[in-house]
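Trainee: Take a look at the following structure, please.
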Amino acid sequence: MEQLVRTAGETGLQRGADRPVTGLTLDSRQVRPGDLYAALPGQRTHGARFAGDAVEGGAVAVLTDRAGTELLGDLPDGTGLVVVEDARAATARLAAVLYRHPAERLAMLGVTGTNGKTTTTMLVEAALTAAGIPTATVGTLGFRVGGEVLTGERTTVTTPEAPDLQALLAAVAGRGAEAVAMEVSSHALVLGRTEPVVYDVAGFTNLGRDHLDFHPDLEAYFEAKATLFTAEHTRRAVICLDSPAGARLAERCRRTRLPVVTTGPGGDYRAEDVRATPGGTVFDLLGPGGRVPVELSLPGEHNVSNAVLALAMVDQLGASGRVPVPDLARAAGGLARAVVPGRMQRLELPPGSPVVVVDFAHTPQAVEATLRALRAGLAGGHGRLVTAFGCGGDRDPEKRRPMGAAGARYADVVVVTDDNPRSEDPAAIRAEVLAGARAEAGPGTEVLDGGARRDALRLALELAGPDDLVAVLGKGHETGQEVAGVITPFDDAAVLTELVHAVHGSAATHGTGGGRGAATHAR
Ligand SMILES: CC(=O)N[C@H]1[C@@H](OP(=O)(O)OP(=O)(O)OC[C@H]2O[C@@H](n3ccc(=O)[nH]c3=O)[C@H](O)[C@@H]2O)O[C@H](CO)[C@@H](O)[C@@H]1O[C@H](C)C(=O)N[C@@H](C)C(=O)N[C@H](CCC(=O)O)C(=O)O
Ligand SMILES: Nc1ncnc2c1ncn2[C@@H]1O[C@H](COP(=O)(O)OP(=O)(O)OP(=O)(O)O)[C@@H](O)[C@H]1O
Ligand SMILES: N[C@H](CCC[C@H](N)C(=O)O)C(=O)O
């Protein structure tokens with residue numbers, strides 16, 4: 001233990017442990033024998049209150065801060081104790097040492113931004129894999145290596161806490177991964193979950209409205225994202241110019257002399273000749289190395305933005321010399337088969353059913369981007385767009401009205417329903433979304449309160465004819481719904497498939513439909 005603490009550069013060792021430290025956790029409920037328990041201050045409580053439980057569960061040592069020492073209680077003799085100024089940062093450093101700095105053995109690509117992190121990460125993986133570089137992904141969809149989901153290593157968050165992340169990186173390095181494409185959430189950046197990883201390439205998608213329950217304001221949210229684009233955290237930056245925050249961030253990188261390239265209109269990498277196809281989109285990527293034709297398995301302009309960002313990140317990784325990426329055209333070939341579960345997922349349904357799409361849009365910008373793309377693809381322009389969505393509880397309430405408004409701007413019928421209400425009153429959340437939708441709705445737009453999710457999905461299907469399109473947003477790949485602290489199974493794709501059968505009267509199979517644009521099924 002002494003060596004671990006010393007190697008991590010910590011000086012607060014108060015008492016050694018009489019048994020070796022073999023693991024690290026910050027949750028007493030997940031302690032395994034031999035762990036060091038990091039007792040951290042949180043938003044609700046201080047982890048030091050659970051140090052006794054942790055030791056009972058097998059923890060051999062405790063790390064905490066000064067406030068924690070007041071709450072620890074008596075620890076049994078032989079329990080190690082480290083007291084530091086910033087216990088969260090120290091935990092991250094200890095985790096990296098314990099797992100022998102796995103990030104240094106991997107090419108690390110990190111993606112941040114309000115929307116598009118998962119998609120961009122999956123596209124980076126698809127491109128690197130096509131270029132012959134075994135790549136793992138970390139993010140909202142879990143941890144994957146070689147296309148396989150690593151079970152037992154999943155958390156519910158997008159970016160895992162430092163001990164889980166370091167353990168995971170060690171595991172994927174051990175399985176032969178050479179690169180990791182990962183989502184870096186703003187929560188993770190504020191809470192130091194990815195410390196002390198230095199990315200080879202960091203990508204920025206966009207900044208929109210979200211998470212202002214956690215960050216004090218939009219400026220603080222921007223600054224949280226911006227920390228990734230400093231020499232301390234990345235060697236190179238790739239910034240998408242879609243949102244105004246992109247230009248601001250790129251300018252800051254130039255000022256601080258961080259190597260940076262931009263993507264999107266007017267950027268160093270951009271798409272030209274963009275055309276929608278039945279299976280997704282084709283376009284030419286124009287970059288410093290010339291023109292590369294790209295076939296993308298996903299529809300929508302926003303996914304073109306994600307694809308350009310992903311390919312620019314891969315190209316920049318090649319330019320860094322960290323991992324050879326000899327041929328960008330070969331890497332781009334991977335995008336034709338990329339699958340992103342729960343994003344623009346078109347269900348395979350029998351003839352006579354409306355087209356039904358499941359998507360994970362849960363911000364105003366995402367609702368807008370998705371519905372705009374779907375509207376453009378409506379059958380011969382004469383079908384109607386019916387959408388059903390709500391907003392999660394215990395999350396930024398200020399996004400509810402703008403999400404409702406975005407729905408009313410692009411759809412003909414908006415059925416407002418429950419997402420994950422969590423501890424909040426579902427009807428009260430719906431009322432806010434409805435208010436936003438009704439304020440925006442034009443004379444031809446219907447706005448309805450669909451109530452509980454299953455009822456609302458049924459209503460949306462009942463309102464749609466064979467030429468119409470039903471877009472169910474917000475839960476994408478999720479397989480459960482959290483109401484009043486209880487999670488019950490709920491999978492939009494499965495429920496919709498079952499309801500189509502009931503409503504439109506013919507058998508439907510649940511699975512892929514939209515050719516290469518659709519995912520196999522939601523997790
Ligand atoms: C804001 C946030 O990230 N909170 C996370 C954080 O909570 P906290 O620090 O406030 O913890 P707390 O409840 O006060 O407890 C303090 C400490 O005591 C420990 N404890 C607590 C109880 C106990 O019995 N035993 C125990 O050891 C906790 O592990 C914690 O370290 O630590 C908890 C334990 O690890 C997490 O469960 C909790 O994340 C919750 C699940 C969460 O919902 N996080 C979301 C908001 C999140 O991180 N989202 C981002 C963004 C996604 C996106 O981009 O859309 C993500 O990366 O997923
Ligand atoms: N570049 C983009 N611009 C706007 N909206 C986007 C973009 N990319 C994806 N979206 C929308 O956002 C939704 C979520 O996409 P994705 O999962 O890739 O983002 P994310 O940033 O990982 O989200 P989260 O971290 O909250 O899970 C998609 O289903 C789509 O509706
Ligand atoms: N990572 C996002 C996902 C939101 C998904 C949506 N279904 C909801 O529950 O609000 C969050 O935790 O805010």
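Trainee: Name the residues in the stretch 95-134 that are away from ligand 2 (no atom under 13 Å from the Cβ), under 17 Å from the mean Cα position of the chain (by Cα) and open to solvent by less than 10 Å² (accessible area, probe 1.4 Å), would you?
Mentor: M108, L109 - these are the residues of the stretch 95-134 that are away from ligand 2 (no atom under 13 Å from the Cβ), under 17 Å from the mean Cα position of the chain (by Cα) and open to solvent by less than 10 Å² (accessible area, probe 1.4 Å).
Trainee: What number of residues within the stretch 338-358 are open to solvent by less than 20 Å² (accessible area, probe 1.4 Å), within 16 Å of ligand 2 (Cβ to nearest atom) and farther than 17 Å from G139 by Cα?
Mentor: Summing the residues that are open to solvent by less than 20 Å² (accessible area, probe 1.4 Å), within 16 Å of ligand 2 (Cβ to nearest atom) and farther than 17 Å from G139 by Cα in the stretch 338-358 gives 6.
Trainee: I need the full set of residues from the stretch 166-184 which are surrounded by 16 or more Cβ atoms within 10 Å (Cβ to Cβ) and touching a strand residue (DSSP E or B) at 6+ places or on another chain (Cβ under 7 Å), in order please.
Mentor: Within the stretch 166-184, L168, L169, V172, A177, E178, A179, V180, A181, M182, E183, V184 qualify.
Trainee: I need the full set of residues from the stretch 357-372 which are within 16 Å of ligand 1 (Cβ to nearest atom) and part of a strand (DSSP E or B), in order please.
Mentor: Residue satisfying the conditions is D359 alone.
Trainee: Let me ask you something else. Take the residues in the stretch 293-315 that are open to solvent by 20 Å² or more (accessible area, probe 1.4 Å) and within 18 Å of V201 (Cβ to Cβ), then tell me which one is farthest from ligand 1 (Cβ to nearest atom).
Mentor: Here the answer is D315.
Trainee: While we're looking at this one, here's another question. Please work out if A310 is over 25 Å from Y199 (Cα atoms) and touching a strand residue (DSSP E or B) at 6+ places or on another chain (Cβ under 8 Å).
Mentor: So A310 does not fit the description; no.
Trainee: Please specify each residue of the stretch 194-211 satisfying the condition of being within 14 Å of ligand 2 (Cβ to nearest atom) and of a type outside the set (S, T, Y).
Mentor: Passing the criteria: G203, F204, N206, L207, G208, R209, D210, H211.
Trainee: Identify, from the list T137, T194, T159, T114, the residue that is more than 13 Å from ligand 1 (Cβ to nearest atom) and touching a helix residue (DSSP H, G or I) at 6+ places or on another chain (Cβ under 8 Å).
Mentor: Answer to the selection: T137.
Trainee: Evaluate the following for T64: is it touching a helix residue (DSSP H, G or I) at 6+ places or on another chain (Cβ under 9 Å), polar (S, T, N, Q), modelled with pLDDT of 95 or more and over 25 Å from F214 (Cβ atoms)?
Mentor: So T64 does not fit the description; no.
Trainee: I need a count of the residues in the stretch 320-337 that are open to solvent by 10 Å² or more (accessible area, probe 1.4 Å) and in contact (Cβ under 8 Å) with a residue 12 or more places away in the chain.
Mentor: 12
Trainee: For the stretch 419-448, how many residues meet the condition of being of a type outside the set (K, R) and under 18 Å from V483 (Cα atoms)?
Mentor: 13
Trainee: May I pose another question? Tell me, which residue of the stretch 43-59 that is surrounded by fewer than 16 Cβ atoms within 10 Å (Cβ to Cβ) and at pLDDT 95 or above is farthest from M1 (Cα to Cα)?
Mentor: Restricting to residues being surrounded by fewer than 16 Cβ atoms within 10 Å (Cβ to Cβ) and at pLDDT 95 or above, the top hit is T45.
Trainee: Looking for whichever is over 26 Å from F222 (Cα atoms) and assigned by TED's automatic domain parsing to the domain that holds D200 here; the options are P265, P299. Which one fits?
Mentor: P299
Trainee: Of the residues in the stretch 372-404, how many are closer than 19 Å to D449 by Cα and open to solvent by less than 20 Å² (accessible area, probe 1.4 Å)?
Mentor: Qualifying residue count, the stretch 372-404: 13.
Trainee: Specify the residue that is farthest from H477 (Cα to Cα); the eligible residues are those in the stretch 309-356 that are of a type in the set (S, T, N, Q) and assigned to a helix (DSSP H, G or I).
Mentor: It comes out as S320.
Trainee: With respect to G290, determine if the residue is open to solvent by less than 60 Å² (accessible area, probe 1.4 Å), more than 20 Å from T370 (Cβ to Cβ) and away from ligand 2 (no atom under 14 Å from the Cβ).
Mentor: Yes.
Trainee: Hey, another quick one. Take V367 and tell me if it is touching a helix residue (DSSP H, G or I) at 6+ places or on another chain (Cβ under 6 Å), within 14 Å of N303 (Cα to Cα) and open to solvent by less than 10 Å² (accessible area, probe 1.4 Å).
Mentor: So V367 fits the description; yes.
Trainee: Taking the conditions exactly as written (small (G, A, S), open to solvent by 10 Å² or more (accessible area, probe 1.4 Å) and without any contact (Cβ under 8 Å) to a residue 60 or more places away in the chain), does G139 satisfy them or not?
Mentor: no
Trainee: Filter the stretch 241-271 for residues that are under 26 Å from A376 (Cα atoms), assigned to a strand (DSSP E or B) and open to solvent by less than 60 Å² (accessible area, probe 1.4 Å) and give the result.
Mentor: The answer is T263, Y269, A271.
Trainee: Right, something else. Answer yes or no as to whether G392 is touching a residue at least 60 places away in the same chain (Cβ under 8 Å), under 19 Å from V495 (Cβ atoms), in a loop (DSSP other than H, G, I, E, B) and not assigned by TED's automatic domain parsing to the domain that holds L141.
Mentor: In short, yes.
Trainee: Mind checking which pairs have a first residue in the stretch 206-224 that is under 20 Å from C391 (Cβ atoms) and within 12 Å of ligand 1 (Cβ to nearest atom) and a second that is open to solvent by 30 Å² or more (accessible area, probe 1.4 Å) and of a type in the set (K, R), Cβ under 7 Å, 6 or more apart or different chains?
Mentor: As it stands, the answer is D213/R395, since those pairs meet every condition given.
The values are calculated or read from the model by the stated rules, or taken from the named source; none is laboratory data. The model shown is predicted, which means the values in this text are computed figures rather than measured ones. All Cβ positions, even for glycine, are placed from backbone atoms using ideal geometry, and neighbour counts span all protein chains on display. For accessibility, only protein heavy atoms count, side chains too; no ligands or nucleic acids. Shrake-Rupley method; radii C 1.70, N 1.55, O 1.52, S 1.80 Å.
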